[in-house]
Amino acid sequence: PLGTMVGLGDTTVTLTANDGTLTTPCVFILTVEDNTPIDLVCPPTQNETADISNMFTLLDYTTLATATDNCGTPTLSQSPAAGAVVGLGTTVVTITATSGTETITCMFDVVVNSATAPNITCPADQIENASATCEFIVPDYTTSATVTNGSGTGTITQMPTAGTIVNSGITTVTLNLTDGAFTDSCNFSLTVNDVTPPTITCLADQTEDAGTNCMFTIPDYTALVTATDACGTVTVTQTPPLGTMVGLGDTTVTLTANDGTLTTPCVFILTVEDNTPIDLVCPPTQNETADISNMFTLLDYTTLATATDNCGTPTLSQSPAAGAVVGLGTTVVTITATSGTETITCMFDVVVNSATAPNITCPADQIEDASATCEFIVPDYTTSATVTNGSGTGTITQMPTAGTIVNSGITTVTLNL
């Protein structure tokens, strides 16, 4: 009837129809199956320690597994079986649960570690060169480590990992060894050297003017150049340094870019020129007196000239030279000042006068007729005068001057020599 509990297998169920007088039965088979799988959970990874010969006898791990089934208590077995002897490393153990006709398995690892803890020895400190961009790609150093003791099947990891990009300088590399339950680590230094010198764009040759003392004070040229480096900040130094005084001519200036490790020099020529002219002042006109033969020997007039120069004391000379004999009248004398490659001149007059005083004789009194307007234009009487003695080169002036209009009557005309 309804509510009856039956187990696995076939059960005959009879259904009977009854009309109150007669009955008619029918029969069918009820088959009950077990379709709910066994719930099997393996133990986690088991870390075991080998004996002195680095072998281990497997335990009965079925006691660590859990298995349930709705139709009974599963029977557990393992493979390899308890008592099997395995070596160092990982052994995969399979647990099998059986309940009736149903079977299910699960697997877990048994890691057998050496009874002696492993040791890892790093490679020696490494020295490498950075690229032109000041970078270095860290390689895989795990293969360069040495492992002693342990199972010999441990795993080595590296930090920073292979492929990591580092810059110049010192990076500490750590290698970590995991061998079952044991761990060990070591460190070494990775030194990446900057082997690319800095770049510097130099100045063109420089031309400067000397100062009042014929010297030039070197300025700071470092601010006028461009220096770069992939690995850091560049410092630029200068030789000769800022403030150095240099004289005329060429001076080699060296600018050096320094990135802290490497240097790059550049050189240009500083030419100091004397572009300040000599300051030369000639003496004023010199009035001299001829000898009895109306000749005169020129003196040394360089002592009357003044000449100064920022780059030395000028040397003075004159032309015609001192000692030259000249006649009456005006002689132009040139003073030449020379300082280094620079030359400048000035000129002045030497006027040689006769040693005998000149005499002037006017023309006779002149009688002229007035115009219809009662006027007369005074002519040039200087050409009518007679001069004796003197240099013969004197100048005659007239008062009233030629061209002056006078009225009728007497006018006194004066000629001055």
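General remarks:
- Any hit, region 164-181, residues being open to solvent by less than 60 Å² (accessible area, probe 1.4 Å) and either among the acidic types (Asp, Glu) or closer than 30 Å to Asn275 by Cα (or both): yes
Let's see how each residue does on (1) free of Cβ contacts under 8 Å to residues at least 60 places away in the same chain; (2) closer than 30 Å to Val272 by Cβ:
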| residue | (1), (2) |
| --- | --- |
| Thr285 | no, no |
| Gln318 | yes, no |
| Ala322 | yes, no |
| Gly327 | yes, no |
| Val332 | yes, no |
| Thr336 | yes, yes |
| Glu368 | yes, no |
| Ser371 | yes, no |
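- Looking across region 230-265, the residues that are β-branched (Val, Ile, Thr) and closer than 30 Å to Asn193 by Cβ come down to Thr233, Val234, Thr235, Val236, Thr237, Thr239, Thr254, Thr256, Thr261, Thr263, Thr264.
- Counting only strands (runs of 3 or more DSSP E) that sit wholly inside region 315-411, those with at least 1 residues that are farther than 17 Å from Thr297 by Cα are 315-319, 329-339, 342-353, 359-361, 375-377, 386-388, 397-399, 405-407.
- Within region 291-314, the set of residues being assigned to a loop (DSSP other than H, G, I, E, B), at pLDDT 95 or above and more than 60 Å from the chain's Cα centre (by Cα) comprises Leu298, Leu299, Asp300.
- Any chance Ala230 is among the small types (Gly, Ala, Ser) and either surrounded by 14 or more Cβ atoms within 10 Å (Cβ to Cβ) or modelled with pLDDT of 95 or more (or both): yes
- Close contacts from region 211-233, counting a first residue that is free of Cβ contacts under 8 Å to residues at least 24 places away in the same chain and a second that is open to solvent by less than 80 Å² (accessible area, probe 1.4 Å), with Cβ to Cβ under 6 Å and a gap of 6+ residues or different chains, come to Leu224/Leu203.
- Here is the figure for region 397-412: residues that are under 30 Å from Asn287 (Cβ atoms), open to solvent by 50 Å² or more (accessible area, probe 1.4 Å) and not small (Gly, Ala, Ser) total 3.
- Residue in region 177-200 that is out of contact with any strand residue (DSSP E or B) (no Cβ under 6 Å at 6 or more places or on another chain) and within 30 Å of Ala257 (Cβ to Cβ) present: yes
- Only one of Thr62, Thr103 that is outside any strand (DSSP E or B), over 30 Å from Thr171 (Cβ atoms) and at pLDDT 90 or above: Thr62
- Scanning region 194-218 for residues that are open to solvent by 40 Å² or more (accessible area, probe 1.4 Å), closer than 19 Å to Asp274 by Cβ and in a loop (DSSP other than H, G, I, E, B) yields Asp205, Thr212, Asn213, Met215.
- Residue satisfying condition, being exposed (fewer than 14 other Cβ atoms within 10 Å of the Cβ), assigned to a loop (DSSP other than H, G, I, E, B) and over 22 Å from the mean Cα position of the chain (by Cα), within set Asn187, Asn275: Asn275
For (1) surrounded by fewer than 16 Cβ atoms within 10 Å (Cβ to Cβ); (2) closer than 30 Å to Asp209 by Cα; (3) among the charged types (D, E, K, R), each residue gets a yes or a no:
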{"residue": "Pro314", "(1), (2), (3)": "no, yes, no"}
{"residue": "Val325", "(1), (2), (3)": "yes, no, no"}
{"residue": "Val332", "(1), (2), (3)": "yes, no, no"}
{"residue": "Thr336", "(1), (2), (3)": "no, yes, no"}
{"residue": "Ala357", "(1), (2), (3)": "yes, no, no"}
{"residue": "Val378", "(1), (2), (3)": "no, no, no"}
{"residue": "Val387", "(1), (2), (3)": "no, no, no"}
{"residue": "Thr395", "(1), (2), (3)": "yes, no, no"}
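- Qualifying residue in region 243-251 (condition: farther than 30 Å from Thr336 by Cβ and open to solvent by 80 Å² or more (accessible area, probe 1.4 Å)): yes
- Selected residue (criterion: nearest to Thr244 (Cα to Cα)) from residues of region 278-296 that are open to solvent by 70 Å² or more (accessible area, probe 1.4 Å) and polar (S, T, N, Q): Thr285
- Meets criteria (touching a Gly at 6+ places or on another chain (Cβ under 8 Å) and either surrounded by 15 or more Cβ atoms within 10 Å (Cβ to Cβ) or assigned to a loop (DSSP other than H, G, I, E, B) (or both)) for Val93: no
- Screening the candidates Thr264, Thr239, Thr289 for the property of being of a type in the set (Ser, Thr, Tyr) and free of Cβ contacts under 8 Å to residues at least 40 places away in the same chain yields one hit, Thr239.
The values are calculated or read from the model by the stated rules, or taken from the named source; none is laboratory data. Keep in mind that what you see is a predicted model, and the values were worked out from it rather than measured. For neighbour counting, all protein chains shown are included, and Cβ atoms are generated from backbone atoms with ideal geometry for every residue, glycine included. Quick note on the areas: whole protein, heavy atoms, side chains included, nothing else; ligands and nucleic acids left out. Shrake-Rupley method; radii C 1.70, N 1.55, O 1.52, S 1.80 Å.
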